[in-house]
Structure formats: C-alpha cells, structure tokens
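*Asks:* One structure, pasted below without further comment.
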Amino acid sequence: MIRRSLAALILGPSLLVASLAWSGFVALQTVLDPDRSREVAEELFDNDEVQAQLTSNLASAISAGLPEGAPVTDEQVDQAATAVLADPAVEALVLDALGSTHAAFLGEGEAPETLSLAPVAESLRAQLVETVPGAAAVVPELPALEFDLPTERIPDASPLRTFTQRAVPVLALVAAIGVVLALLTTTDRSSVLWRAGVWAVGAAAFSLIIGLGLPWVIRRFAPDGAEVFAALFSALLRSVILPAIVLAVGGVVLMVVAAIAGGSGGGGRVAARRAGARTEARGMPR
C-alpha cells in the first residue's frame, strides 16, 4: 500500500512536468519560432479582430486624405478600406509589417507602428474610384497615405523564449525519470497506468479549457488597439491544444492498457478467492 501511494505521489507531478515540456516544445516550434514569422503574420492578418482594426485605421487615413467637402460617406470609405486591404499588393505590405511585428515580439527589432501605402497609391485610388461612384472627378489623386498599425502594445517575449528553450530539455528529463521511478516503486503497475491515464485526460481537458477560453477573455477585456498583441497571445495559448489532444489520447490508451492488465492479472485472483469462499461454505477444505 505504501509503495502504491509513493508511486502515485511520484507519477502525478512527473506527468504534469511532461505536459509542460511538451507544451513548451510545441510553442518553440510555432509562435516562438523566429523562422515562422511569415506564417504567424498570415495568421494575424486572417484574424477577424485584427482585420477590423486595420480596416478602421485605414478608413480614418483615407478620410483624412480626401479633399475637404468630397461627397463621400463614411460607409463608402469603409467599403473602400475593405477593398484596399483585399488588394494583393496591400496585403503583401501588411504581411511584411506583421512579420516584423512577430520578430519584435521575439526581441528582434522594433514593431512598426505605421504603414505607408505610397507603393500602392494608384491601386488605392483605383479601389476608391471603383467603390465610390463619381469619386474620380473629386479625387484626382491621393496623397501618400500612412495609417496606424495596432502594434503599439507588443511586448518583448524573448525572455520567455530563452527560458522555454532552457527549460524544455530539463523538464523532459525530469518527467522521464519520474515515470520510471513510479513504475519501479509500485507493486501494481496496472494501477499506476490507470492513475496516469485518468490524470492525463483531466490535465488535457483543463489545458483545452484554458487554451480555448483565455483567448475569448483577452478579446473581451484587451485595451483598444491591442488586437495584434491579443492575437499573438491567443496563438501562444493555442499551441497547448495539440499537446493537450496528444495527452488525452495517451491517457485513454493508458487506461485501456491498465484495464486489460488489471482484468487479466487481477481477475484470476478474484476468481480464486470466490472459489475458495464457496468451498468453505460447503465444508470442504480449500
């Protein structure tokens, strides 16, 4: 009994350490990888909240660049801003800026706070003329527009990346040693496997709740203009979803193996005890 309890005390923290190591490894391969800035930028650009803030900032810049008294409504300006962001040339500029933002998030350079649309001024005017009937007459040309990017609250996550790089190998080693010790300590390995499976499924469920729930909380309570930071943080949290699913599947496998092992090993002992009880009830020697 003591050995089983000791094995359980060793196993629980070891599995927790293992899940932390796996989550850190996945984060280093995704949102904390400086070589994936382009992929992260594309994810940010596709984010609904980031798109909404970019559209709003661009619409404000377009309104400020129009001649005074131009017969253009706010709705038409918003439509023009949406059309401009859908232009491949503009999208490429924004993606470059968001890629630089991700690099700054990892401590490489500064996050750009504004973006000049001078290289795509003709495309911008064409989109405006197409969106707003009659705009060609009142908007012969547009100045070199520059609009704000929602990147002013991007933190420096390089210390987190450095810590994770150092911690993951140590955590993985500690977890492996703990699991081996638990198996060597216990007298009932099927019980250890069952407890490990139950813990893994519970830890995975908790990780999924955190990974899916916290982004919603961040979106709801993040300050205005922090959409890119919220999206980056959400991407970091979503990196735990994959290890959580893997952990849950592994937990189910462990529970199945434990049930099979316990049924085959423990079932015979239970049957023997029941047979002995029946023979004693009949007055026959066991």
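*Asks:* Show GLU91, GLU110, GLU152 ordered by accessible area, largest first, where the area counts protein heavy atoms only and the probe is 1.4 Å.
*Replies:* Numbers: GLU91 65, GLU110 160, GLU152 90 Å².
Putting GLU91, GLU110, GLU152 in descending order of accessible area: GLU110, GLU152, GLU91.
*Asks:* Considering only protein heavy atoms, what is the solvent-accessible area of THR30 at a probe of 1.4 Å, reported in Å² to the nearest 10?
*Replies:* The accessible area comes out at roughly 50 Å².
The values are calculated or read from the model by the stated rules, or taken from the named source; none is laboratory data. Just so it is clear, the structure is predicted and the values come from calculations on it, not from any experiment. Areas reflect the complete protein model, heavy atoms only, side chains present, ligands, DNA and RNA absent. Shrake-Rupley method; radii C 1.70, N 1.55, O 1.52, S 1.80 Å.
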